[in-house]
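Written out below as structure tokens is the structure these notes cover.
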Amino acid sequence: MAFKHWPIVRDLRFAQKAGRYLRGARKRRPDLNWAEFRRVAQHFKVDDMGSFPERGYLFQLASDAPADAQVLEVGSWMGASTCFLAAGLKGPAARIYAVDNFQGLSTCGEDAAWYNRHFQKLGANSTLEIFRQNFSDLGFALRAEPVVSDSLAAAQKLAALRGTIDLIFIDGDHSYDACKADIIAWAPFVKRGGVIAFHDFGSRADGVTRAIFEETKAGRFAEIVGVAGTIIAFRM
Ligand SMILES: C[S@@+](CC[C@H](N)C(=O)[O-])C[C@H]1O[C@@H](n2cnc3c(N)ncnc32)[C@H](O)[C@@H]1O
């Protein structure tokens, strides 16, 4: 086992990184429940899908959503980003629709190779049970509505929700065509004044950056809400 995976080394690195991030976050947003954020981060100590600033920003966006907010995520994987969103929500009717094929089926070649390796190691062909377990371990099960589907097929199935969603987070297929199609399919689901956020803007996934850039120039979004790491959020 590599040195960095030894439990004691992993715990020490987590404590250092969490401490550093939370000192700044508590100063910036003293009104948010950072103890709840830390509880979720502790659960996902080994998290290769997002940095502290990115996870903290999702938590912040969800915390800033109204009570009983309806949230939708495209690309949930094992539920880490979904749980950071769930942690910020308030109200008994708050829900997160988690749209994913849970099989890493993606048209983005680089991602597909990564998922293949991952599923081989996992010895399974879906992350849905891991997603459910993470949600239930953290006590969020009632907030999750997994939608096991291809993204564009889900946008058709959920058409009744158009114009009702407070916050959407898109982190699915990272190819240019797929990201562009996701923006076109999902943006109409966001309420007026609601937020749509994307992962991997300005990352090595240059198709994502290009699609978001083009849609911004075309006037798809009303204004930029904020940026953290490679997450960019817009108001509709
Ligand atoms: C980068 S991972 C999501 C990571 C997660 N948001 C996080 O931060 O913890 C991308 C996910 O998108 C899913 N995905 C890729 N293309 C998809 C598509 N066309 N429809 C539905 N899900 C898709 C994959 O199965 C994978 O779980």
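The numbers here are math on the coordinates, done by the rules we state, and not lab data. Remember, it's a predicted structure, so these values are computed and weren't measured experimentally. Using ideal geometry, Cβ is built from the backbone for each residue, glycine included, and neighbour counts are taken over all protein chains shown.
For Phe14, Phe131, the sequence from fewest to most other C-beta atoms within 10 Å is Phe14, Phe131.
As a rough guide to protection, the peptides 25-34, 216-225, 148-157 ranked by mean Cβ packing within 10 Å, highest first, stand as 148-157, 25-34, 216-225. Percent of Cα pairs in region 22-145 per distance bin of 5 Å, from zero to the largest separation: 2, 11, 21, 23, 19, 13, 7, 4, 1.
Proximity of backbone amide H atoms, modeled 1.01 Å from N, is registered between Gly194 and Met236 at under 5 Å, excluding neighbours fewer than 5 places apart on the same chain. I need the fraction of alpha carbon pairs in the chain separated by more than 24 Å, rounded to a whole percent. Above the 24 Å cut-off, the chain has 43 percent of its Cα pairs. Where both bridge residues fall in region 47-235, DSSP classifies roughly 30% of the beta bridges as antiparallel. Annotation: amide H of Val147 within the under-5 Å range of Ala98, Val99, Asp100, sequence separation 5 or more or interchain, hydrogens built in the peptide plane. Checked against a 20 Å cut-off, the cross-linked pairs Lys45/Lys90; Lys157/Lys191; Lys4/Lys45; Lys90/Lys191; Lys121/Lys180 give Cα-Cα distances beyond that limit for Lys45/Lys90; Lys121/Lys180.
Under a Cβ-Cβ cut-off of 14 Å, what is the net charge of the residues other than Leu161 that fall near it, where Lys and Arg count +1 and Asp and Glu count -1? Here the count lands on +1. The equivalent ellipsoid of region 99-236 has semi-axes of 25, 19, 14 Å, largest first, where each one is the square root of 5 times an eigenvalue of the Cα gyration tensor.
Rounded, prolate or oblate: which fits region 120-182 when a ≥ b ≥ c are the square roots of the eigenvalues of the alpha-carbon gyration tensor, with rounded for a/c under 1.5 and prolate only if a/b beats b/c?
Since a/c reaches 1.5 but b/c is at least a/b, the shape of region 120-182 is classed as oblate.
Across region 129-145, rounded Karplus estimates of 3J(HN,Hα) from the backbone phi angles (6.51 cos²θ - 1.76 cosθ + 1.60, θ = phi - 60°) give 5, 5, 4, 4, 5, 4, 5, 6, 4, 8, x, 9, 3, 5, 8, 9, 10 Hz, Gly and Pro being marked x. Region 172-236 and region 47-95 have their alpha-carbon centroids 17 Å apart. Our coupling estimate for region 90-99, obtained by passing each phi through the Karplus curve with A = 6.51, B = -1.76, C = 1.60 and θ = phi - 60°, is 10, x, x, 9, 4, 9, 10, 7, 9, 8 Hz, Gly and Pro reported as x.
Rank-order 39-46, 52-59, 205-212 by packing density, defined as the average count of other C-beta atoms within 10 Å over each peptide's residues, highest first. Before the final figure, lay out the partial values.
Details: 39-46: 16.1, 52-59: 23.5, 205-212: 20.4.
Peptide ranking by packing, descending: 52-59, 205-212, 39-46.
Residues whose amide H lies under 5 Å from that of Ile232, counting only those 5 or more places away or on a different chain, are Phe198, Phe201; hydrogens are built 1.01 Å from N in the peptide plane.
For the chain, the 222 nm mean residue ellipticity estimated from helices alone, with every DSSP H stretch of n ≥ 4 adding -39500 (n - 2.57) and the total spread over all residues, rounds to -14000 deg cm²/dmol. Rounded to whole numbers, the Karplus 3J(HN,Hα) couplings from phi for region 180-193 are 4, 5, 5, 5, 5, 6, 9, 3, x, 7, 7, 4, 4, x Hz, using 6.51 cos²θ - 1.76 cosθ + 1.60 with θ = phi - 60°, and x at Gly and Pro.
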